[in-house]
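Please treat every number below as a calculation from the coordinates, not as lab data. All figures in this text were calculated on a predicted structure; none of them were measured in a lab. Here the Cβ is made from the backbone with ideal geometry for all residues, glycine too, and neighbour counts use every protein chain on show.
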Amino acid sequence: MTKSYITTPIYYVNAAPHLGHAHTTVMCDIMTRNRKANGVDTRLSTGCDEHGQKNQESAEKLGMDVMEYLDLRSSEFKKAFDLLDVDYDYFVRTTRPFHKEQVAAMEQKFMDAGLIIEKQYTGIYCKGCEQFKTESDLNDEGRCVDHPNMDVEEIDEKNYFFPLEPFRQRLLDHIEANPDFVQPPKFLSELKNMLAEPLEDLCISRPKSRVSLGVTLPFDEDFVTYVWFDALINYLTNLGWPGNDYQDYWSEVEHVIGKDILKTHGVYWPIILMGMGETLPKRISVHGHWLGSGGVKMSKSLGNVVDPLEIVEKFGADALRYYLARHMRAENDSQISVELIQGAYNGELGNKVGNLLSRAAKFSVDRFDGKIPTKGTLTEEDEAARAIALKAAQGFAEVFALTDIPARTEALVQAADELNNYFTAQAPWKLIKDPETADRAQTVLYVTLDSLRVLLEAFRQIIPTSADKALAILAAPVEEGVWSPELDRLEEGGTFGEVVALFPRVT
Ligand code: ME8
């Protein structure tokens, strides 16, 4: 892999950015940093899905001009991702003229190719999903299982449809030939189940009498494009598609999504691409959901909502990035709360990583006149400590998958913990008292700090601001670009930066 294109979903702007948005976007940022550090030319795209009924009604509720509303909301998303240190290359807004023009052009091509048909449709609609539903998608109260607080609507109207069934077998064959198409395997099985039965035609239009916020159909101006049919195309229009060089990145695209939008990405999108004659995505990586305390969906009424910006304000962006990276369980849903984040921040980042740095750096600064100690002959214990750090960091010197992130992050913290044990067992504060062993104290300090440096360089992929701050304390700046963990890069006799607390305790 020499190039890579990672995408987040584009988020609805009917409310402020929430924790789920933060999660997928931070995971994509981590994957992007990881690939760049491994020499892969990677582009990251994120942004906002600005069409559809939900967004339109939110603007109406506030009595705002719709474009003003969209500008305001999308700037909130941009700000949130900036605060979370997300280094994106593209920030999508589907109201951008170029995007809208390409969507309309594509629809005209589909129409000309006979891939769009017109018919009367009667059915149930969930505004929350912006999708038509069947009886089996509803709960006992007759509401959408994903949006149990919203009424579904009965709809009877003329619409335009894209037939999916003619493509189903081709998609199944593609999945068979590319078992990595969806990761992790649990979600591949879910996708296969979705494709086990004939597929209904996909309704790609909404009458303007009901929804006006959307891309007008090029062949019928009484209709706008169904929001999903326009949103998915962002992944291509972003790259300037159908311009000349989009293929370079498109052929390496990986979509990262939450489990709630597997059908749109795993069924609709590949089939739309087949209709266009385009290459299918290389991979769709899926994660579970965060649940609030009590292991239930977050909701205002339960008071278990975790607001990402409040967390950033209280603990800093890296506390949130770390929690999201370390504590999401592959394939499953996971719990989050302010208390859990606080516990991980103080107990894992603070006690294990920050504490090791301040213990070893402060001691060195006090005893060696602010200078980095020098290394003498290494013992077996020193070599073992170094090997632990190197091994944990090595996990970041290869391209990893979305599902690898928790274990790789845990390995770094675990290694820091073991370095703490090494430091305590070697007790340099005792060694320094005896002139015969004083040099040995310097070696222990050097080994500790140099091994920690290796961990911090790997940590840059997860918690970039804190890692860089720590590396500055060790006078060990790291250049952007390709990286591999190497020992003995700490400069003996170099001058420490100011030793500040990396993760000040929050109570
Ligand atoms: O679906 N835990 O937008 P959306 C983790 N506009 N991630 C979560 C989550 C949770 N509890 N809740 C949501 C849309 N997410 C469409 C996408 S793409 C062409 C169009 C994340 O604002 C997860 O990534 O509803 C999920 O897929 C996404 O937010 C849904 O965001």
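Placing +1 on the Cβ of every Lys and Arg and -1 on the Cβ of every Asp and Glu, with nothing else charged, gives region 3-292 a dipole about its Cα centre of roughly 740 debye. Across the options ALA470, LEU445, PHE503, the greatest Cα extent toward the positive end of the charge dipole of region 393-507 (unit charges at beta carbon of Lys, Arg, Asp, Glu) belongs to PHE503. Beyond 30 Å in Cα-Cα separation lie the following of the pairs LYS263/LYS314; LYS79/LYS371; LYS61/LYS100; LYS79/LYS100: LYS263/LYS314; LYS79/LYS371.
Taking the number of Cβ atoms within 10 Å of each Cβ as an exposure proxy, the fewest-first ranking of GLU331, GLU313 is GLU313, GLU331. Between the amide H of LEU217 and those of PHE223, VAL224, THR225, distances stay under 5 Å, these residues lying 5 or more places away or on another chain, with hydrogens modeled in the peptide plane. Kindly identify region 130-170 as rounded, prolate or oblate by the Cα gyration tensor criterion: order the square roots of the eigenvalues as a ≥ b ≥ c, call it rounded if a/c is under 1.5, otherwise compare a/b with b/c, prolate if a/b is larger, else oblate. Verdict is oblate for region 130-170.
Summary of packing: across the peptides 377-383, 352-358, 258-264, the per-residue average of other C-beta atoms within 10 Å ranks them, highest first, as 352-358, 258-264, 377-383.
Across the chain, the mean sequence separation of Cα contacts (distance under 8 Å, 6 or more residues apart), normalised by length, yields a relative contact order of 16 percent. Among rounded, prolate and oblate, which fits region 119-204 when a ≥ b ≥ c are the square roots of the eigenvalues of its C-alpha gyration tensor, a/c under 1.5 means rounded, and a/b larger than b/c means prolate? Verdict is oblate for region 119-204. Once the Cα atoms are used to define both axes, helix 97-112 deviates from the longest principal axis of the chain by about 50 degrees. Stretching the chain fully between ASP156 and LEU138 yields a gain of 4.6 nm (0.36 nm per residue, less the alpha carbon separation). Counting every other Cβ atom within 10 Å of each residue's Cβ, VAL92, VAL506, VAL478 order from fewest to most as VAL506, VAL478, VAL92. With a Förster radius of 45 Å applied to the C-beta separation of LEU378 and ARG329, the computed FRET efficiency comes to 0.70.
What's the local net charge at TRP429, with K and R +1, D and E -1, over the other residues with C-beta under 13 Å away? Please list the in-between numbers first.
On the way: positive: ARG359, LYS362, ARG367, LYS430, LYS433, ARG440; negative: ASP366, ASP434.
Its environment carries a net charge of +4.
Around the amide H of GLN131, modelled in the peptide plane, lie the amide H atoms of CYS126, all under 5 Å away and 5 or more residues distant in sequence or on another chain. Basic side chains Lys and Arg get +1 at the Cβ, acidic Asp and Glu get -1 at the Cβ, and with that the dipole of the chain about its Cα centre reaches some 960 debye.
Compare the Cα positions of LEU262, ASN332, VAL92 along the charge dipole of the chain (+1 at Cβ of Lys, Arg; -1 at Cβ of Asp, Glu; about the Cα centre) and return the one farthest towards the positive end. Checked the options; the winner is ASN332. What you get for region 406-507, charging only the Cβ of Lys and Arg (+1) and of Asp and Glu (-1), is a dipole of about 380 debye around the Cα centre.
Antiparallel DSSP bridges in the chain: what percent, to the nearest 5?
Rounded to the nearest five, the antiparallel share is 50 percent.
Modelled label positions at ASP245 and LYS208, each set 7 Å beyond Cα in the direction of Cβ, lie 3.9 nm from each other. Each stretch of four or more DSSP H residues adds -39500 (n - 2.57); spread over every residue of the chain, this sum gives -13500 deg cm²/dmol at 222 nm. Contact order, relative form, for region 108-210: 27 percent (alpha carbon pairs under 8 Å, 6 or more residues apart, mean separation divided by residue count). Rounded to whole numbers, the Karplus 3J(HN,Hα) couplings from phi for region 227-241 are 4, 5, 5, 8, 5, 4, 5, 4, 4, 8, 5, 3, 8, x, 3 Hz, using 6.51 cos²θ - 1.76 cosθ + 1.60 with θ = phi - 60°, and x at Gly and Pro. Placing R0 at 35 angstrom, the Cβ-Cβ distance between VAL66 and GLN414 gives a FRET efficiency of 0.10 after rounding to 0.05.
Tell me whether region 3-292 comes out rounded, prolate or oblate; compute the Cα gyration tensor, take square roots of the eigenvalues as a ≥ b ≥ c, and use a/c under 1.5 as the rounded threshold.
rounded
The DSSP beta bridges internal to region 3-292 are antiparallel in roughly 50% of cases.
Given a Förster radius of 35 Å and the C-beta distance between MET194 and ALA16 as r, what FRET efficiency does 1/(1 + (r/R0)^6) yield to the nearest 0.05? That gives a FRET efficiency of 0.65. Packing here is the average count of other Cβ atoms within 10 Å per residue, and on that basis the peptides 160-167, 492-499, 52-59, highest first, run 52-59, 160-167, 492-499.
Between the listed residues ASN34, MET106, LEU62, the Cα displaced farthest toward the positive end of the dipole of region 28-110, a dipole computed from Cβ unit charges relative to the Cα centre, is found at ASN34.
For region 310-473, the relative contact order is 30 percent, taking Cα pairs closer than 8 Å that sit 6 or more residues apart in sequence and dividing their mean separation by the residue count.
Within the same chain, lysines fewer than 8 places from LYS158 are excluded, and of the rest, those with a Cα less than 19 Å from its Cα are LYS119, LYS127, LYS133, LYS208. Seen against the Cα atoms of the chain and their longest principal axis, helix 405-426 is set at about 10 degrees. Rounded to the nearest 10 degrees, the angle from helix 185-194 to the longest Cα principal axis of the chain is 0 degrees.
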